[in-house]
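The values are calculated or read from the model by the stated rules, or taken from the named source; none is laboratory data. Computed from a prediction, not measured in an experiment: that's the story for all the values here. As a convention, Cβ positions derive from the backbone with ideal geometry for all residues, glycine included, and neighbour counts pool all protein chains shown. We work out accessible area using only protein heavy atoms, side chains counted, and drop any ligands, DNA or RNA first. Shrake-Rupley method; radii C 1.70, N 1.55, O 1.52, S 1.80 Å.
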Amino acid sequence: MKRSQIASLLTKESTIIGFLFLAKILIHLLNPEYGYFRDELFYITVGDLWSLDNLELLPLTPLFLKFITHLFGYSLKSIHFASALCGALSLLLTCLIAKELGGKKYAIFLAGLFNLFSGFIVFGSLFTYDSLDFLIQTTAIYLLVKIISGQNQKIWILVGFVLGLGLLNKLTILIFGFTLFISLWLLPHRIFYKSRWIWFAGILGLLFSLPFVIWQTNHDWYFLETASNYSGGTAYVPSILEFIWSQILPNNIASLPVWLLGLWLLLFSPKWKKYRFFGFMYVGTLIILFIVGGKFYFSLPLYSILFVVGSIRIEEYFLNTTPLRKRLQIFKIAIPSIYFILTLPVLPILIPIFPPNQLVHYASYFGVHAGVRHENISLSVLPQHMADRFGWEEMVDQVNSAYVKIEKSTIEKVGILVGNYGQGGAIHVLGQKYHLPEPISLNSWYYYETLRSHTFLKHYLTIGIDENALREVFNNVTFYGEFFHPYAVPHENNKKLYSCSDPKFNLKDYWMISKNTNSPFIQMIINEGIDTARSFFLNEKVVDPSRLIFTESQMNQLGYQYLGNDEIEKAIEVFKFNIEIFPLSFNVYDSYGEGLMADKQYQSAILNYQKSVELNPNNENGKNKLKELILLDSQK
């Protein structure tokens, strides 16, 4: 090939796009690995055990990972090839959007480069539901640009199909769909609603959600309970300034001028009036995320259009041939060069580059949060998206050692019971080399999977479950070790292993009742009073001592319901009854103490909080309440 032909090839738009696509893949595949991310282990598990009988989780991401592991086997590189591929395809679509909107080689290169080192880069090195979600949304943005540019209404059917796939993957696609609907309605684009194609697209998209909707309807919309618990407790609720900062730093602060320029042009420039609805979608998405407490990175796909518009405007500036502009041509090279140089210092915080000990030292300069949080969890030495990759191998090794010892000490078949989906996923994936049994858990998707496929046993090795909670269910609970890893997230450390045998209840009944928040027995207390309910309970226990009628948490919730309605006497009676039935739980004494405190029975409240702290020395709430009560009692 002649030199001139090579030069021509290297200046083609397709070559630029191909180079950026390949760079995206290689950045993630050539970097070192720290370990499986918590969610990766879980989604591999869901894919391996997937069944239409358990749609607690939407299926697209687990099934995609099942396809990847079927082709390439279980390995970090195969999983991260999947995430890198999703990111690379999103980058490719961003470049195609730039081309569709009139961008030439320089604008296409800039848009791709800004995407390459934006917040997308984090999700190229770990696989979550967001990996496919971002690709789906970016694809929808590309199709919308095609519709507006060419006025081909039939493309709406493709938009409906893509958004339907989104509904099989993650319900955050509803935010995208809602802001699209409202943004079009607020602008002259509302004329689209006169076309049958957009309505066909909407119906097609919603049809994809039917299996999930039907399953959730048949299971009391468990998803809503999960979402409520997350937004009400797990999710970190930022101030407005924290929320704005979370849109700036994780998306690469060096790109701020470009996407702000793009947003300004979309909202106010006459030239971009045709595409103004994208600016409305971005603003609407941020408003919704802030109000509902959604994670800051759910808005990431919309930055692709902001990068494109900003890049096209930069290119247009340099296309002007005035003498001054000619002298400033050097900045065509300077802009991507400076962006790349400014990106380098933050890359080790975003993706695996340094060895773990060096990463810990480097992260200390930024802080583990760097002012950006999305969950109410404490961190020690690493950001969450890094820390959640450490400790799983070591935890599974320790579980296996304990399991082998327990198996040798009993003739009974032994199961494994875990506290959360991360522990369960780790044992499923990493425990295969030890032939460990499938773990069970009350957490998330595992609750239904346990009911679907597990035969309950009389002996379990447990990890991640409080000893007092275990003693409420098993007669024999024996300590078998404690897990710790210096780089793991703190809430996975100091997790104790126990051998638990001789259940006090039928475990299947316990599983069924634990999620039945509208227990008939609870309704009996509400309608007929605590004395009638107590008599019924005691009579039932005489007939079948192992029968479980309600759980500690259900009774606790009722007590707090009374307390919230200022029915303090009823709350105290409920909390007191809970202590009778679950005398080894620290939480029941904590709750009873709170009821007594509300009734100004300070001495009795102090005794119950002391008992709570005695049972659980880590009960910080109980310790704080004791200080408060002692002060209140001294002032009487």
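What to note about this one:
- Each residue was assigned an accessible area with a 1.4 Å probe, and for Trp50 the value is about 80 Å².
- Segments 600-608, 277-285 sorted - mean Cβ within 10 Å per residue, highest first: 277-285, 600-608
- Only Cα pairs under 8 Å and 6+ residues apart enter the sum, and on that basis the relative contact order of the chain stands at 12 percent.
- Here the spin labels are modelled as points 7 Å beyond Cα on the Cα-Cβ line, and at Gln561 and Leu206 they lie 3.2 nm apart.
- Among beta bridges from DSSP that stay inside the chain, the antiparallel ones total about 75%.
- Of all accessible heavy-atom area on the chain, the percent that carbon and sulfur account for (1.4 Å): 62 percent
- Since only Leu626, Gly391, Gln153 are under comparison, the one whose Cα sits farthest along the positive direction of the charge dipole of the chain, derived from C-beta charges on Lys, Arg, Asp and Glu, is Gln153.
- Distant-in-sequence amide H partners of Asn476 (H built 1.01 Å from N, under 5 Å): Ser501
- Between Ile416 and Ile440, Leu461, the built amide H atoms are under 5 Å apart, and every one of these is 5 or more places off in sequence or on another chain.
- Net dipole in debye of segment 407-500 [+1 Lys, Arg Cβ; -1 Asp, Glu Cβ; about Cα centre; nearest 20]: 200 debye
- For segment 165-206 versus segment 376-419, the gap between their alpha-carbon centres in whole angstrom: 44 Å
- Sequence of Lys541, Lys24 when ordered by accessible area, the most exposed leading, probe 1.4 angstrom: Lys541, Lys24
- Calculated [θ] (222 nm, deg cm²/dmol) that DSSP helices of n ≥ 4 give over the chain, each run adding -39,500 (n - 2.57): -19500 deg cm²/dmol
- Added length on full extension, which subtracts the Cα-Cα distance from 0.36 nm per residue, Tyr317 to Gln432: 35.6 nm
- Here the extension length gained between Asp633 and Gln603 equals 10.1 nm, from 0.36 nm per residue of separation less the Cα-Cα distance.
- Prolate/oblate/rounded label for segment 434-519 (Cα gyration tensor, a/c 1.5): prolate
- In sequence order, calculated HN-Hα J values of segment 461-471 (Karplus, 6.51, -1.76, 1.60; Hz; x Gly/Pro): 8, 10, 9, x, 10, 4, 4, 5, 5, 5, 5
- Karplus-derived 3J(HN,Hα) values for segment 152-157, using 6.51 cos²θ - 1.76 cosθ + 1.60 with θ = phi - 60°, are 8, 5, 5, 5, 4, 5 Hz; glycine and proline are entered as x.
- Compactness relative to 2.2 N^0.38 Å, alpha carbon Rg of segment 79-135: 1.14
- Global form of segment 559-623, assessed from the alpha-carbon gyration tensor, a/c cut-off 1.5: prolate
- Sites Ala334 and Ile291 - FRET efficiency at Förster radius 35 Å, r taken between beta-carbons, to 0.05: 0.30
- The chain: angle of helix 276-292 to the longest principal axis, Cα-based, in degrees nearest 10: 20 degrees
- Evaluating 6.51 cos²θ - 1.76 cosθ + 1.60 at θ = phi - 60° for every residue in segment 615-628, the Karplus couplings come out as 6, 9, x, 8, 6, 5, 4, x, 5, 5, 5, 4, 4, 5 Hz, glycine and proline recorded as x.
- Kirkwood radius for segment 480-613, taken over all pairs of different Cα atoms as the inverse mean of 1/r, rounds to 16.6 Å.
- The label point for Asn624 and the one for Ser378, both projected 7 Å from the Cα toward the Cβ, are 1.2 nm apart.
- Applying 1/(1 + (r/R0)^6) with r as the Cβ-Cβ distance of His369 and Arg196 and R0 = 41 angstrom yields a FRET efficiency of 0.25.
- Note on the chain: dipole from Cβ charges, positive end direction compared against Ser501, Asn320, Asn54; the farthest Cα belongs to Asn320.
- Here Kirkwood radius over Cα pairs in Å was computed from the coordinates, and among [x] 26.7; [y] 27.7; [z] 29.0 the match is [y].
- Nearest-20 debye value, the chain charge dipole, Cβ charges on Lys, Arg, Asp, Glu: 3800 debye
- In this structure the amide hydrogen of Leu497, modeled in the peptide plane, comes within under 5 Å of the amide hydrogens of Tyr480, Gly481, Glu482, Phe483, none closer than 5 places in sequence on its chain.
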